[in-house]
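Read through the structure below, which is laid out as structure tokens, and then see the notes.
The values are calculated or read from the model by the stated rules, or taken from the named source; none is laboratory data. Given the structure is predicted, the values throughout are model-derived calculations rather than measurements. Backbone-built Cβ (ideal geometry, glycine too); neighbour counts: all protein chains shown.
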Amino acid sequence: MAPSTETEFVTIVSSDKFEFIIPRSAAYVSETLRRMLSSNNFPEGRTGVCVLEDYSGVIVEKICEYFCYNEKHKDQVNVPDMDIPPELCLELLMAADFLNT
Amino acid sequence: MDSEIPLPPSRRVRHRSPVKNPPATGAAVSFQRAQRLSRFDDHSSQPSSDPALFSSDDIPASGLENYHAPVSGAGRKRRYRGTWWGEQVLDPKRKRADFKDKRNVDSGVWMGSDESVAESLLPSEDGSAWGEDLRKSVLDPRKPGSSIPVSIETENMSSQTRIAFKSPEESDPHRFAREVIGDCLDKGHESIDLGEFNLGTIPPGLLLPLQHLTKLPSVKKAPVSENVFTSLQPFLSIYLPNNSLSTLHKDLFELSNLKVLSLRNNKLAEIPSTICKLTALEVLNLSVNQLTYLPWEVLKLIQQGELKHLTVRPNPFLTYDKAKIAERHYNNKEKENHEDLSPAVQSHTERWGPLHLATGTITYMDMEGNPMGDSPSSNRLTLTPGLASPVNDAPSLREVALRAVSKLPYLEQTTDEELAEYPALIVPLLQQAREVRAAGGKSCSVCQREYVIPRAEWMEWWDLIPFENGMKMPRCPNEMLRPLPFRRFACSLSCVPGSC
């Protein structure tokens, strides 16, 4: 099997088995995911699949949305605010701490 | 005829029946009662204004066939008071003053038609009973004041709510301050003097009514000249000298028409950046406090706002000589010695405007707001800080989530005990969001975006001598510049000067 570090997309799996396929560069927004996915020593790095055990599908969807948002607005000056439902923001704070982003 | 279809009689009966037998519903009863209690039932067919005076010729005399006939009665026309369709007033000698008397009793304008309105028209025994009447009739409009248990309940309720409205631990200074402000509001005084009130804090809601302060017109006597017509927009001044304020409530910065603010001789260690909302501010006195720096937003008030007179000394400001300076923007071209701060004054801006002298070193913060590289608590995962992650304009996920948190409506009510139930990782972040919210929000000094966690901060040194003397005189050519420190925050690493 070819080293997955060359694949364009990676898969993020939530605790309730929702799978989100996002560009590798977007996933690299997170420092934690970058380390997991770019290394050949971790299983995530070999398969390109990263399981976030602690977070449900709703949260992981929002996280993936943020990755794409960050990727899109990387070099722009006036970044619009991302819309976050209030009921998710505390869990997202926890996720942000884990993902180090 | 037999074939003719008879009119449906049942329908007429149905149509008329509610008129014949009015159902005894509460609404109808109350409506009748309201009519009975009305103050205007004596001449209910008459309008409330004076009846109009009409005139006409006699009917036969005014016909077209008599057009050239000599007018009988020499121009006398028939006059009558009443409505145009000929209804006569019962008492035509009624004076206008009678109506005026009536008007003094009650304005006569009521926007409701149910029983509560009719009852509240009646004079009650005392004020509280009036409220009880109203409440009872609102709660139970069909049985006005019939059952005793209901009235007992409402009495208990009202006493409870009265206690709840009046906060029990309001201290004397706060109460006095509230009285002074109420007095100023009543009399339309535009200068609020709260000096030497021993105020430790500004309680929430104390200053907010001043938003609606209006001056009273100054016209007193009949001969009115042109110059008494002045704007009723108040020249709002708030004086809070010689108190022991250590924090400022965000209400103070909601008074967008505040012109003069004096906080002399308090215990302020920091001026919140929300001061930039006071765009009409002209005079600001911050002397004799514990300030070591000023918010950069004060400078913005000078450059874009109306601020003309800034009194900030004495304060324990950071000294320019010992500060770490990254870049000097202003130095005398003729003399190479940077420490000699005597300007070569030429242009108008150099004489009157603020002068940017230098920029201090920039401190970058990580995503949790800790200074990068210095603190051991940061860099838990990041082994190569700053270098691996490129400069990114987009806010971090923490920041995005915290902005959502800071917009939550109940954030201010959460106590520390409640916060302690959350996971320990996010408690400091939530506390910070709450502080930012209590301060009225922060916005990036470069891109104006709201933020919760600053990512960079630095000092700028500016000279404001013309503003310190109230724009009375410009900088003298040989005067020493007196740099003031202004602390500036940025919301992202790319807002830092030099990076873009």
Identify all residues within region B:432-452 that are of a type in the set (A, V, I, L, M) and within 15 Å of B:Val496 (Cβ to Cβ); write none if there are none.
B:Val446
Could we say that B:Arg437 is among the basic types (Lys, Arg) and either crowded, with 20+ Cβ neighbours inside 10 Å or in a loop (DSSP other than H, G, I, E, B) (or both) here?
no
Restricted to region A:15-52 and to residues being surrounded by fewer than 17 Cβ atoms within 10 Å (Cβ to Cβ), outside any helix (DSSP H, G or I) and of a type in the set (Ser, Thr, Tyr), the residue nearest to the other protein chains (Cβ to nearest Cβ) is A:Ser39
For residues that are under 13 Å from A:Ile22 (Cα atoms) and among the aromatic types (Phe, Trp, Tyr), scanning just region A:53-78, find the one that is farthest from the other protein chains (Cβ to nearest Cβ).
A:Phe67
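Yes or no, residue by residue, for (1) buried (at least 16 other Cβ atoms within 10 Å of the Cβ); (2) modelled with pLDDT of 85 or more:
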| residue | (1), (2) |
| --- | --- |
| A:Asp54 | no, yes |
| A:Ile63 | yes, yes |
| A:Phe67 | yes, yes |
| A:Gln76 | no, no |
| A:Pro80 | no, no |
| A:Pro86 | no, no |
When you look at B:Pro241, is it over 20 Å from the mean Cα position of the chain (by Cα) and surrounded by 12 or more Cβ atoms within 10 Å (Cβ to Cβ), yes or no?
yes
For region B:409-455, which positions are facing chain A (nearest Cβ under 10 Å) and either touching a Pro at 6+ places or on another chain (Cβ under 7 Å) or in contact (Cβ under 8 Å) with a residue 60 or more places away in the chain (or both)?
B:Leu429
In region A:79-101, anything part of a loop (DSSP other than H, G, I, E, B) and more than 7 Å from chain B (Cβ to nearest Cβ) is listed as A:Pro80, A:Asp83, A:Pro85
Quickly run through region B:419-478 and pick out the residues that are hydroxyl-bearing (Ser, Thr, Tyr) and out of contact with any Asp or Glu (no Cβ under 6 Å at 6 or more places or on another chain).
B:Tyr422, B:Ser445, B:Tyr451
